[in-house]
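Peer 1: Here it is, the structure, as structure tokens.
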């Protein structure tokens, strides 16, 4: 029985990691193919923004629905459904020849990746009760790996003169492997439910607590920054900074490589420095890096991928801070924050796209700095609200 459970845990872990690899790839392949897609269908930046908006609208809808589905039918079935939807969407994207079909297909991709987010996180925390932080960070590394691979593969395909649909055509079989892993399982282990007090269950004002609202705004602003950056970065370098599509795609690969490296390095320092101080330092350095990248010349443009090094720790560290502030309500808190993450992914690229439509990509892309500065302002407010001793106790408890 123990051997069977260990085997199941191993398969689930591999499946969850693989699903996040595909999550990162699928979510970030859109940026590198965007210039080719806009050119193919003669779309404006505003129309391109609307397409990206549909993806994150699907994500937001699915975040709410997938949580309910996973609670009723289990993480295994949630991941199987996500894989089947993603496979169908990839097949559709490989065949699409008319603009109108892009909208439902991107919406379906959004539904699938949100279900992966819910199912994979749930599966990992079900299995690794005592080491959930460690394995969730490893899960995020696989997302970063997929994000890093995406622009590299797209750059090769487009560089050889092949149509952008080829990217999705080649991804169908790898995506199909993902639900097959979970279909092969007979069961998935279930974790113990965190018991909440009756007062917490009846607390109708829970979602109006100031600390939680501030963290939700922070997550919204940060994700707006990151997704806007990854969605429009290739087009910005190509049209405003005289990079080729291939070299611009490589730069996006470097950005995601920096995200991976930053997350790995952050795991050794955030507990010692403290969550809020780490977040303030990270977003401040990201603003400096982005600002230097806006200066004229390719040398300065080459600094932009380093922004990922500082972006890296913001989302997981903010999530860890939320878990620390609301230890008995983590399930509700994470669902709430993930919803705002989806909202940020929806609004950010849309705002930058419309800015590019009005002002041109050279002036529209820098507008994402508004979200970055907003994140810093929110963190300063959070820092001011936190009792200094509370932050010190948080740091000391982890030493």
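Peer 1: Once you have the Cα-Cα distance between residue 211 and residue 300, take 0.36 nm times their residue separation minus that, and quote the gain in nm to one decimal.
Peer 2: Value of the extension gain: 28.3 nm.
Peer 1: Follow-up. Mind checking which of 249, 302, 225 has the largest fluctuation in a GNM of the chain, springs on alpha carbons under 10 Å?
Peer 2: Among 249, 302, 225, the largest mean-square fluctuation in the Gaussian network model of the chain belongs to 302.
Peer 1: Please compute the length gained on full extension between residue 173 and residue 239, using 0.36 nm multiplied by the number of residues separating them and subtracting their Cα-Cα distance.
Peer 2: Answer, rounded to one decimal: 20.4 nm.
Peer 1: Here's another thing I want to ask about it. Highest mean first, how do 138-151, 285-298 rank when packing is the count of other Cβ atoms within 10 Å averaged over residues? Before the final figure, lay out the partial values.
Peer 2: Details: 138-151: 22.9, 285-298: 15.4.
Per-residue mean Cβ counts within 10 Å order the peptides as 138-151, 285-298.
Peer 1: Mean separation of Cα pairs under 8 Å and 6+ residues apart, divided by the residue count of the range 278-380: what relative contact order is that in percent?
Peer 2: The value is 28 percent.
Peer 1: Starting from the 7 Å offset along Cα-to-Cβ, what nm value, one decimal, do you get for the label separation of residue 292 and residue 357?
Peer 2: Output for this residue pair reads 3.5 nm.
Peer 1: Share of Cα-Cα pairs in the range 206-399 beyond 26 Å, in percent?
Peer 2: Result: 32 percent of Cα pairs exceed 26 Å.
Peer 1: Something else: Which of the peptides 94-107, 360-373, 115-128 is most tightly packed, and how do the rest follow, judged by the mean count of other Cβ atoms within 10 Å per residue? It would help to have the intermediate numbers written out before the result.
Peer 2: Working: 94-107: 15.1, 360-373: 19.1, 115-128: 24.3.
Highest-to-lowest ranking by the protection proxy: 115-128, 360-373, 94-107.
Peer 1: Moving on. Quick check: from the Cα gyration tensor, does the chain come out rounded (a/c under 1.5), prolate or oblate? Let's see the in-between values first.
Peer 2: Values: a/c = 1.72, a/b = 1.17, b/c = 1.47.
Oblate is the answer for the chain, as a/c is 1.5 or above yet b/c matches or exceeds a/b.
Peer 1: Pop out the Kirkwood hydrodynamic radius of the range 1-185 from its pairwise C-alpha distances, inverse of mean 1/r, in Å to one decimal.
Peer 2: When all Cα pairs of the range 1-185 are included, the Kirkwood radius is 16.8 Å.
Peer 1: Say each of residue 273 and residue 40 gets a label point 7 Å from the Cα, pointing the same way as Cα to Cβ; how far apart are those two points in nm?
Peer 2: 4.1 nm
Peer 1: So what is the relative contact order of the range 206-399, in percent, for Cα pairs below 8 Å that sit 6 or more residues apart? Could the numbers behind the result be given before it?
Peer 2: Numbers: 249 pairs, mean separation 72.5, N = 194.
Once normalised by length, the contact order is 37 percent.
Peer 1: Can you tell me how much longer the chain between residue 103 and residue 180 gets when fully stretched, taken as 0.36 nm per residue apart minus their C-alpha distance, in nm with one decimal? Please list the in-between numbers first.
Peer 2: Values: separation 77, 0.36 × 77 = 27.72 nm, distance 2.71 nm.
Going from the current span to full extension adds 25.0 nm.
Peer 1: Now, a different point. Along the Cα→Cβ direction, 7 angstrom out, place labels at residue 369 and residue 68. What is the inter-label distance in nm?
Peer 2: Spacing of the two 7 Å Cα→Cβ label points: 4.3 nm.
Peer 1: Restricting to Cα pairs below 8 Å that are 6+ residues apart, what does the relative contact order work out to for the chain? Please round to a whole percent. Write down the numbers at each step before the final one.
Peer 2: Details: 618 pairs, mean separation 97.2, N = 399.
The value is 24 percent.
Peer 1: Determine, for 211, 235, 271, the number of other Cβ atoms within 10 Å of each Cβ, and report the residues in order from fewest to most.
Peer 2: 211, 271, 235
Peer 1: Would you calculate a helix-derived [θ] at 222 nm for the chain, using -39,500 (n - 2.57) for each DSSP H run of n ≥ 4 and dividing by the full residue count, to the nearest 500?
Peer 2: Values: 19 runs with 323 residues, N = 399.
About -27000 deg cm²/dmol.
Every number in this text was worked out from the coordinates using simple rules, so none of it is lab data. Since this is a predicted model, take the numbers as computed values, not measurements. Virtual Cβ from ideal backbone geometry, glycine too; neighbours counted across all protein chains shown.
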